[in-house]
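Visitor: Below is the structure I would like to discuss, written out as structure tokens.
The values are calculated or read from the model by the stated rules, or taken from the named source; none is laboratory data. All of these numbers come straight from a predicted model, not from anything done at the bench. Cβ: placed from backbone, ideal geometry, glycine included. Neighbour counts: every protein chain shown. In case anyone asks, the SASA skips ligands and DNA or RNA and just uses the protein heavy atoms, side chains included. Shrake-Rupley method; radii C 1.70, N 1.55, O 1.52, S 1.80 Å.
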4 protein chains.
Amino acid sequence: MQSRTPAARSGRPRSTAADTAILAATRAALVELGWSKLTLQDVATRAGVAKTTLYRRWAGKNELVVDAVAELFDELRLPDLGSLAADIEGVVLQFAAILARPEAKSGLMAVVAESTRDDALRERIRCSIVERQKRLVLEGRARAQTRGELPAEPDPEQAARTADLIFDVVAGAVVHRTLVSAEPADGEWVRSFTRVLLVGLAGAEQDS
Amino acid sequence: MQSRTPAARSGRPRSTAADTAILAATRAALVELGWSKLTLQDVATRAGVAKTTLYRRWAGKNELVVDAVAELFDELRLPDLGSLAADIEGVVLQFAAILARPEAKSGLMAVVAESTRDDALRERIRCSIVERQKRLVLEGRARAQTRGELPAEPDPEQAARTADLIFDVVAGAVVHRTLVSAEPADGEWVRSFTRVLLVGLAGAEQDS
Amino acid sequence: MQSRTPAARSGRPRSTAADTAILAATRAALVELGWSKLTLQDVATRAGVAKTTLYRRWAGKNELVVDAVAELFDELRLPDLGSLAADIEGVVLQFAAILARPEAKSGLMAVVAESTRDDALRERIRCSIVERQKRLVLEGRARAQTRGELPAEPDPEQAARTADLIFDVVAGAVVHRTLVSAEPADGEWVRSFTRVLLVGLAGAEQDS
Amino acid sequence: MQSRTPAARSGRPRSTAADTAILAATRAALVELGWSKLTLQDVATRAGVAKTTLYRRWAGKNELVVDAVAELFDELRLPDLGSLAADIEGVVLQFAAILARPEAKSGLMAVVAESTRDDALRERIRCSIVERQKRLVLEGRARAQTRGELPAEPDPEQAARTADLIFDVVAGAVVHRTLVSAEPADGEWVRSFTRVLLVGLAGAEQDS
DNA sequence: CGCTAATCGAGACGGTACGTCCGGTCTTGCA
DNA sequence: TGCAAGACCGGACGTACCGTCTCGATTAGCG
């Protein structure tokens, strides 16, 4: 993360166990207390670590929570369920399941809110969280093209725009359903949403 | 807002001008400082008001910001541009324009984040902000049905589910585009999005 | 202390009881913990006061301790025991008794040490502590001149120099005996010291 | 200092140059920063030494500063100026000159203050600093007796008491003049003080 | 038209978290 | 084994903000 030089220079090296413990403690604190009542001192105590160790590795609450929440999205996988619709439904359900967890709910929107005034933080969110998700969109399209469900996209720029649009629609809809409407993004909702999305994309494709 | 008793009991009544000044000051502070650095003392000073006056009317930072941001959405209107597609594009553009303003960006996501752990706050957001937007979806559908662009919906429960889905998709996509992807929801994007949405809804309708 | 204007302007006035409680708590903490382990948070807790209240009234540990210790010297009185020698012995014994108390021992030298690098602090010490003591020297000499034990001093500048010398010798000797040599400045020692001082002053007077 | 075994046991022996460098660095830091802002890390850096090396040789800040300041008093010598009065004036002037140096001012009172709650520290101060000074009093008296300026003291216990008194008066007066009154102990002041002291001692002697 | 009661500006108050700094201890690898 | 480097735990620092409180000074409307 912070030092790409594998040749650790001198002095006592940083404890790698501490990183793991700190991020886990951060998620536990998010579950119990939520973002606004989360204290760095409390995280440090839960992790069995001094507050200074925290500040040595992260610039502040925001950066720490981004990394802690980002790990939640590591388990996202593109399932191979035989058809594009089923694959999408599967991945959207996984995404919804993660968002339903309180550590994600509490932390994610808060750091997004902070990122509106902090470009470095937004970049960190993009790298740690967003890109990890967007990759699934690209993989899913490639697999669908292999299967012959989608035609090859001749214009790469147009392809990127479409991928961005899909991503904003999918992520945005699930987030809004979960956090703002506070309704569960369950199987039924995901099926309805996926059908609208796929039909819309197919139709919009041939129109243009 | 808080006292429905029009029969003001006795003593000096509350200054109505103060409310206006406070909400305006809150928005100004949001623009300059953002959510996390906004101080109630600072808002009070900008509004030329004592801090106590603030606490006499709002329970805290969250409630104050909800009301301040809610006023931004008062100007949302469903335009009559002749077709369903044009109407939707128009209203989505308006919504995107509001979200692009820094006072909305800074404040909205923050209170949504807080609302994940505060049911009263979520209810306040729903009443003050969300319902105000969802009404446009219903109005738009009614007008389209009048025009004959959409068939009358026989099942009212199914109609409500569809309206909720539309609302989550529209609001979620615009918010995600604006705040997470940090790209402008401009005319081109809105046209692409609207086409996908309308085609998808139409197609999904027939299938079911 | 800080505002001589009796016309308290506006806002809630400062609690006068707090000052008393804080200074007493400071002395108690000095007794138990000594200067270097004394914590402002601990003082605040003992006084039943918030830490912020402390910082609102004193700039830091040094200033607080100066005021707390200064009150100890309020009880110094010039006794009227009939002769210059007896009066001096009496006041030196009082001074030694105060210095023997742990709250004075711990605090006094520490703030003097700090004052070597902080002119404002030195001035505060001079006003609050030193001048209060030096006044006794002047009173004692005036009384002795009234009694006819000492001749009237014709040169006022020379008189001031002598008073300063007396003060440095008396205070310095008692402090050094108590804190550095760590021996009690008891009656015997005080008698020996006083005799040397008075004989020396009388003799030096004639010589010049 | 702490390891008296001259037969260095095994492994790398301790660098003797380091001690010198550390004590010099401590004095330099005292001059620049004063006691309270002096940092062991800063001393180590100035001395080109690791912090661990420091802690291997001294128990803490207090002990280090005592040793650093003690070296300043090594240069005190009893001059032979022909008469008791001149000798005393000379040694008092030397003492005053050392106390006027900022590294002494800053450090000395601070460790004395600490010593009020730390017996081991007081003992260290007595051995390293006080005894070194008190020896001069004894030497001076012996020389004066050789010269015939002072009678031989028959009672050794009384002699010790008198020496202690002299020492407390001299050291105390100079310290108080320099640190508390913050006035220079210059030639004129020293002459006045010495005259009072000698006359007093002579007079008190014959009285008893 | 003066009483009465709630409001207002001001600012001190008890708390709590912040981010920084330092004291001492420990764990590395090199000499 | 000593040593430089530096990470580690613990704890105090001084600051800032929150939400409450206590002042004296205004204001309405009711009597």
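Visitor: Quick one: count up the residues across the range D:36-68 that are within 22 Å of C:Met109 (Cβ to Cβ), more than 7 Å from DNA strand E (Cβ to nearest atom) and either surrounded by 17 or more Cβ atoms within 10 Å (Cβ to Cβ) or within 11 Å of another protein chain (Cβ to nearest Cβ) (or both).
Guide: Of the residues in that region, 9 qualify.
Visitor: Quick check on the range C:20-35. Is at least one of its residues surrounded by fewer than 16 Cβ atoms within 10 Å (Cβ to Cβ) and hydroxyl-bearing (Ser, Thr, Tyr)?
Guide: yes
Visitor: If you don't mind, another one. Give me the residue from the range B:73-87 that is under 16 Å from B:Ile125 (Cβ atoms) and either open to solvent by 10 Å² or more (accessible area, probe 1.4 Å) or not in a helix (DSSP H, G or I) (or both) and, out of that set, nearest to DNA strand E (Cβ to nearest atom). Please lay out each step first, then the result.
Guide: Start the filter on the range B:73-87 by keeping residues that are under 16 Å from B:Ile125 (Cβ atoms), which leaves B:73-74, B:76.
With the extra rule that they be either open to solvent by 10 Å² or more (accessible area, probe 1.4 Å) or not in a helix (DSSP H, G or I) (or both), the set shrinks to B:74, B:76.
Working: B:Asp74: 23, B:Leu76: 30 Å.
The qualifying residue nearest to DNA strand E (Cβ to nearest atom) is B:Asp74.
Visitor: Which one is nearest to B:Phe95 (Cα to Cα) among residues in the range B:175-208 that are more than 7 Å from every other protein chain (Cβ to nearest Cβ) and open to solvent by less than 10 Å² (accessible area, probe 1.4 Å)?
Guide: The selected residue is B:Val190.
Visitor: Further question on the same structure: Could you pull out the residue among A:Ser10, A:Ser15 that is within 11 Å of DNA strand F (Cβ to nearest atom), hydroxyl-bearing (Ser, Thr, Tyr), over 24 Å from the mean Cα position of the chain (by Cα) and more than 14 Å from every other protein chain (Cβ to nearest Cβ)?
Guide: None of the other options fit; the residue is A:Ser15.
Visitor: Regarding A:Glu114, is this residue acidic (Asp, Glu) and crowded, with 19+ Cβ neighbours inside 10 Å?
Guide: Values: acidic (Asp, Glu): yes; crowded, with 19+ Cβ neighbours inside 10 Å: yes.
When the stated conditions are applied, A:Glu114 passes them.
Visitor: Exactly one of (1) surrounded by fewer than 17 Cβ atoms within 10 Å (Cβ to Cβ); (2) assigned by TED's automatic domain parsing to the domain that holds B:Leu121; (3) β-branched (Val, Ile, Thr) is unmet by B:Val92. Its number?
Guide: The one condition B:Val92 does not meet is (1).
Yes or no, residue by residue, for (1) modelled with pLDDT of 95 or more; (2) at the interface with another protein chain (Cβ under 8 Å from one of its Cβ atoms):
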site: A:Ser106; (1), (2): no, yes
site: A:Val111; (1), (2): yes, no
site: A:Thr116; (1), (2): yes, yes
site: A:Arg122; (1), (2): yes, yes
site: A:Arg135; (1), (2): no, no
site: A:Arg141; (1), (2): no, no
site: A:Thr146; (1), (2): no, no
site: A:Leu150; (1), (2): no, no
site: A:Gly172; (1), (2): yes, yes
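Visitor: Could you check the range B:33-90 and list, in sequence order, the residues that are among the polar types (S, T, N, Q) and within 21 Å of B:Arg117 (Cβ to Cβ)? Let's see the steps before the verdict.
Guide: Keep residues of the range B:33-90 that are among the polar types (S, T, N, Q), which gives B:36, B:39, B:41, B:45, B:52-53, B:62, B:83.
Passing the criteria: B:Ser36, B:Asn62.
Visitor: Then there is this: Determine, yes or no, whether B:Ala97 is outside the structural domain of B:Ile125 (by TED's automatic domain parsing), away from DNA strand F (no atom under 16 Å from the Cβ) and open to solvent by 20 Å² or more (accessible area, probe 1.4 Å).
Guide: Working: outside the structural domain of B:Ile125 (by TED's automatic domain parsing): no; away from DNA strand F (no atom under 16 Å from the Cβ): yes; open to solvent by 20 Å² or more (accessible area, probe 1.4 Å): yes.
No: the conditions fail for B:Ala97.
Visitor: Only residues that are within 13 Å of DNA strand E (Cβ to nearest atom) and of a type in the set (Gly, Ala, Ser): list them for the range C:14-35, please. Explain how you work it out, then say what you get.
Guide: Quick first cut of the range C:14-35, residues within 13 Å of DNA strand E (Cβ to nearest atom) only: C:14-22, C:25.
Passing the criteria: C:Ser15, C:Ala17, C:Ala18, C:Ala21, C:Ala25.
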